[in-house]
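The values are calculated or read from the model by the stated rules, or taken from the named source; none is laboratory data. Keep in mind that what you see is a predicted model, and the values were worked out from it rather than measured. Every residue, glycine as well, gets a Cβ built from its backbone with ideal geometry; the counts of neighbours run over all protein chains shown. We work out accessible area using only protein heavy atoms, side chains counted, and drop any ligands, DNA or RNA first. Shrake-Rupley method; radii C 1.70, N 1.55, O 1.52, S 1.80 Å.
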Amino acid sequence: MSEEKNNVKRIAVMGSTGSIGTQTLDVIRANPDVFSAEVLCAGNNADVLIQQALEFTPNAVVIANEKHYKKVKDELFSKGIKVYAGEDSLKQIVEMETVDCVLAAIVGYAGLSSTLNAIEHKKPIALANKETLVVAGEIITEAARKNSVNLYPVDSEHSAIFQCLAGEWENPIEKIYLTASGGPFRGKSREFMQTVKKEQALKHPNWSMGAKITIDSATMMNKGLEIIEAKWLFHLNREQIEVIVHPQSIIHSIVQFRDASMKAQMGLPDMKLPIQYALSYPQRIRSDFPRFDFINYPSLTFEKPDTSAFPSLTLAYHCLEKGGNLPCAMNAANEIAVNAFLNDKISFTQIVEVAEKIVSTIPFLPKPSLNDLIETDTASRVKTKELTG
Ligand code: NAD
Ligand code: MG
């Protein structure tokens with residue numbers, strides 16, 4: 001092993017075939033002296049996983065769906081790459097001694113167990129999977145504290161807050177403003193949204209992302225998940241977290257301090273930047289990402305979110321305040337309802353209606369254990385499936 005090789009950060013890319021996963025591999029590819037892909041994991045997409053493994057020659061790969069095990073093994077085993085399958089392998093692979101950092105980019109609740117296990121094995125986390133903090137924020141942050149593990153936010157708004165906090169560790173946050181693009185239905189009424197089709201909802205104005213988060217952005221549930229993510233990452237209460245619609249997605253979020261000073265982080269919308277910062281922190285690495293040009297953006301604008309058109313925000317604030325197992329129930333209902341919408345089973349506006357119903361009927365547990373949360377998740381999924389056919 002050469003001298004430089006010793007300084008290479010070896011990353012387990014959880015969800016490598018997704019939008020964040022592939023952009024993470026772009027960052028690794030562009031910085032071979034700084035990063036390497038030690039582990040690649042995917043849910044179902046065996047073909048892309050194989051291609052990625054042939055290019056990045058990781059130590060190991062995991063395909064969650066065991067049905068694809070043989071295919072992946074046949075392609076990669078002879079190349080000296082270890083191949084595993086199934087949920088247990090997914091959870092355990094992060095323990096590998098050669099993993100220096102875990103990039104958590106599996107979508108939804110499915111990302112929880114590997115992230116928690118990585119924290120318990122003292123691996124630093126670059127966290128894209130916001131659902132993990134929504135479901136089990138208290139357990140995750142407590143485990144991180146106990147194990148002295150840092151959680152580096154990848155979500156662009158939370159990365160912005162984190163970047164604004166550099167050098168401010170002694171200064172309490174008075175308040176944060178999470179910016180939201182408003183999604184494809186900004187300015188539209190609830191009536192209009194009742195009849196929108198998935199093709200319309202899947203067209204995000206500023207970001208190209210996985211299907212689930214794209215629908216979440218259209219309902220603004222994504223911002224609802226993000227206020228809860230922010231609560232846990234930065235130890236904030238409800239009054240300290242405000243959402244402001246900023247359609248150009250140039251200012252990625254803002255911190256306000258007690259002397260009334262505000263710091264904002266800005267740049268063109270490109271997830272590679274927060275991904276790279278989470279992996280390289282505290283360093284900034286030179287990049288060839290396109291630079292912002294003021295002349296192309298003569299005005300940056302801001303609006304109050306329309307909570308009657310987007311009730312997801314009200315629901316999420318309610319769950320944030322009450323805490324306990326409610327955010328977990330909201331998240332599970334939302335995952336199932338988004339899926340039902342994508343399969344033409346329910347209308348767009350029913351997604352949040354269903355989540356409201358589940359949150360208002362699930363038995364409330366103020367201080368749930370991990371098992372309680374697993375049960376809440378399962379029960380909420382079963383009930384949501386009944387409601388959505
Ligand atoms: P995606 O759908 O494009 O990719 C999801 C990845 O997770 C894929 O690699 C898939 O194979 C894997 N996966 C899905 N189910 C799995 C399972 N049961 N077991 C193992 N692997 C599984 O999603 P994405 O847009 O990349 O988002 C990933 C996460 O990052 C989400 O939590 C999302 O909220 C968050 N995030 C995404 C963006 C973005 O720009 N895409 C921005 C901020 C935060
Ligand atoms: Mg975000």
**OP:** Working only within region 311-339, note down all residues that are open to solvent by less than 10 Å² (accessible area, probe 1.4 Å) and either without any contact (Cβ under 8 Å) to a residue 12 or more places away in the chain or farther than 17 Å from I241 by Cα (or both).
**Re:** N325, L326, C328, A329, M330, N331, A332, A333, N334, A337, V338
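Could you say whether any residue in region 253-265 is small (G, A, S), crowded, with 20+ Cβ neighbours inside 10 Å and assigned to a helix (DSSP H, G or I)? Step through it out loud before you land on a result.
As a first pass, look at region 253-265 and keep what is small (G, A, S): 253, 260-261, 264.
Adding the requirement that they be crowded, with 20+ Cβ neighbours inside 10 Å leaves 253.
Filter once more, so that each one left must be assigned to a helix (DSSP H, G or I): none.
No, there is no match, as no residue in region 253-265 is small (G, A, S), crowded, with 20+ Cβ neighbours inside 10 Å and assigned to a helix (DSSP H, G or I).
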Original post:
Restricting the first residue to region 175-203 and requiring it to be part of a strand (DSSP E or B), which pairs with a second residue that is surrounded by 18 or more Cβ atoms within 10 Å (Cβ to Cβ) and among the basic types (K, R) meet a Cβ separation below 8 Å and a spacing of at least six or different chains?
Top reply: L178/K223; A180/K223
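From the list E191, E242, pick out the single residue that is touching a strand residue (DSSP E or B) at 6+ places or on another chain (Cβ under 6 Å), open to solvent by 60 Å² or more (accessible area, probe 1.4 Å) and within 19 Å of L313 (Cα to Cα).
On the way: E191 fails: touching a strand residue (DSSP E or B) at 6+ places or on another chain (Cβ under 6 Å).
Exactly one of E191, E242 is touching a strand residue (DSSP E or B) at 6+ places or on another chain (Cβ under 6 Å), open to solvent by 60 Å² or more (accessible area, probe 1.4 Å) and within 19 Å of L313 (Cα to Cα), namely E242.
Pick out the one residue from E75, E38 that is in a strand (DSSP E or B) and among the acidic types (D, E). Give the derivation first.
Details: E75 fails: in a strand (DSSP E or B).
Result of the check over E75, E38: E38.
Here's the yes/no breakdown for (1) within 14 Å of ligand 1 (Cβ to nearest atom); (2) open to solvent by 20 Å² or more (accessible area, probe 1.4 Å); (3) touching a Lys or Arg at 6+ places or on another chain (Cβ under 8 Å):
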{"site": "A110", "(1), (2), (3)": "yes, yes, no"}
{"site": "A136", "(1), (2), (3)": "yes, no, no"}
{"site": "S148", "(1), (2), (3)": "no, yes, yes"}
{"site": "F162", "(1), (2), (3)": "yes, yes, no"}
{"site": "A166", "(1), (2), (3)": "no, yes, no"}
**OP:** Give just the number: which of (1) within 14 Å of ligand 2 (Cβ to nearest atom); (2) farther than 19 Å from A180 by Cβ; (3) surrounded by fewer than 18 Cβ atoms within 10 Å (Cβ to Cβ) does S208 not satisfy?
**Re:** (2)
Original post:
Looking at this structure, is I119 buried (at least 24 other Cβ atoms within 10 Å of the Cβ), away from ligand 1 (no atom under 14 Å from the Cβ) and free of Cβ contacts under 8 Å to residues at least 40 places away in the same chain?
Top reply: yes
Subject >> Selection within region 344-389 - open to solvent by 50 Å² or more (accessible area, probe 1.4 Å), out of contact with any Lys or Arg (no Cβ under 8 Å at 6 or more places or on another chain) and among the hydrophobic types (A, V, I, L, M, F, W, C) >> reply: L365, L370, I374, V382
